[in-house]
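Single-structure report; data block below.
The values are calculated or read from the model by the stated rules, or taken from the named source; none is laboratory data. Computed from a predicted structure; not experimentally measured. Using ideal geometry, Cβ is built from the backbone for each residue, glycine included, and neighbour counts are taken over all protein chains shown. Protein only, heavy atoms only, side chains kept; ligands, DNA and RNA dropped before computing areas. Shrake-Rupley method; radii C 1.70, N 1.55, O 1.52, S 1.80 Å.
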Amino acid sequence: MDGQENEQHANRYEDAPATGPAPRPAPRRGDAPRTGRRALRATGVTLAVLVVALVGVVIGVLAGGRVSTDIGPFQADLTVAPAMGGGGTTVDIPPLGALLLDSHDGPTHLTVELGALDQSRTEALLDDPASINRASQSAVDDVREGVLRLGLRTLASAVLVTLLLALMLFRDTRRAAWAGGLALVITAGSLGAAAATIRPESIEEPRYEGLLVNAPAIVGDARRIANDYSRYAEQLQRIVGNVSQLYTTVSSLPVYEPAPGTTRVLHVSDMHLNPTGWQLIRTVVEQFGIDVVIDTGDITDWGSEPEASYVGSIGLLRKPYVYIRGNHDSGRTAAAVARQPNAIVLSNTTTTVAGLTIAGIGDPRFTPDKNTSPAGSGLTQQTADQLIGVGDQLAATVRSSPRPVDIALVHDPASAGPLSGTCPLVLAGHTHDRQVSKLPEVPGKGPTQLMVQGSTGGAGLRGLEGEKPTPLSMTVLYFDKDKLLQAYDDITVGGTGQAQVNLERHVVEDPKAGAPVPVTPTPTR
């Protein structure tokens, strides 16, 4: 029994807890690899968040980095995009080409695409010469406001796209928040770098692409033209005021008094985008009681889509507007004219307006890269064949017309030769030099008179390059009840800085024989 008690006592002693510190457990096999995997996983998550942030920024910038704004009379699209090769700005003027500006540094590139002219703002510029200066000043503010809106929109788009992308991939709000924060830093830093390094003087040293490579040759000395146009705008009100007085002067002329049944036609040509021309035309149409306006082409310079908006002023005349295409007008220009409610575009066709039957055909060439002056187009033998060929086509159309044609329209007077004897009057433009002559008579046929108009737009901006600016020219034609030319008024408005308005009245003594003018030579094949 004593032995059993001793054994139980020994067992209790062995089961008693130790009073000293417990020994550390030995490290288990596999703990070190698990720690390495955790570190590797953390690195992977960090890289994934960074990649998602970068991808989200790129997608967000491409998707949302675009705003539309008004710059002066233009409607423009501003676009920002990532650029690995450095910053810069591209000003697109489709389809003419682009201006490339070294405007800033950083990984962002700005594109400004000029679109259509806003008709209402353009008309306001035409009606108020002082607004031209205000528009040029406000254009800087328009660009600044547009770029600010573009930056805020781009920043919001980049962050939002990144957050959505991170939530879809990670399904973890904390990681999505980290990705969104990185996107904010990356986008704001890129835009901030561009803003901090902006170079306003870069606008003075652009590089050109496309047709605009020839821009310096096209517009000459831009600074001198701009200065001349400022003087021109200052004289605009005085010019129009003088034109408004012409009707009173004409009415008092005793040489010719238009009969009540007289049809008045205004012949214009070669506007070449000069906005002053429209205000002058509107004044003459109203003061002279014009029934029909005839335009023998070159209403634009390059025939581009933005230029097509210039023809919107045709609708404001509220009189029939008969038009043929010039060598500076494209098919889209003719289509834009045709969309005007009062316009009639002739393309080897005829029309009857205000009792006058008119036939017309467009110029066979499209040479917007040539100078506006006729010397720039060059009358080679091939060109002469083209021009005479369209004259032959129109002559055939005139002969086959069910009604006798009163007026035939061609752009280049070189096309007029084949029309001799087919109708009493041919109107043309192109040369920017007003001339009146007779075509060589065809035996057994009546005489045909050729009237070549000057430039109603003063040859556009190129008319400001010479020492003597090109005057603005137009002619009012008076037809009697038999649709024969009785008289015509040549109206000339002085060029830049010259507010003088001249009117010369010419009376046709024998309408059936035409005016006593010299015979014009015609090109031969």
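Kindly identify the stretch 258-301 as rounded, prolate or oblate by the Cα gyration tensor criterion: order the square roots of the eigenvalues as a ≥ b ≥ c, call it rounded if a/c is under 1.5, otherwise compare a/b with b/c, prolate if a/b is larger, else oblate. Oblate.
Database remark: amide H of ALA487 closer than 5 angstrom to the amide H of TYR478, VAL508 (H placed geometrically; neighbours at sequence offset of 5 or more, or on other chains; Pro and chain starts carry no H).
Which distance in Å, rounded to a whole number, links the C-alpha centroids of the stretch 152-174 and the stretch 280-316? Centre-to-centre (Cα) distance: 53 Å.
The amide H of MET474, built 1.01 Å from its N in the peptide plane, has ILE491 as neighbours under 5 Å, considering only residues 5 or more places off or on other chains. Rounded to the nearest 10 square angstrom, LYS438 shows an accessible area of 40 square angstrom against a 1.4 Å probe. Here the simple spin-label model places points 7 Å from the Cα toward Cβ, and for ALA188 and GLU441 these points are separated by 8.8 nm. Residues whose amide H lies under 5 Å from that of GLY326, counting only those 5 or more places away or on a different chain, are ASP298, ILE299, ASP363; hydrogens are built 1.01 Å from N in the peptide plane. What does the C-alpha gyration tensor say about the overall shape of the stretch 299-452? Classify as rounded when a/c is under 1.5, otherwise prolate if a/b is larger than b/c, or oblate. The shape class here is oblate. A crude spin-label estimate for the pair LEU100 and LEU273, with each label 7 Å from Cα along the Cβ direction, gives 2.2 nm. Each Lys and Arg adds +1 at its Cβ and each Asp and Glu adds -1 at its Cβ; summed about the Cα centre, the stretch 250-360 shows a dipole of about 300 debye.
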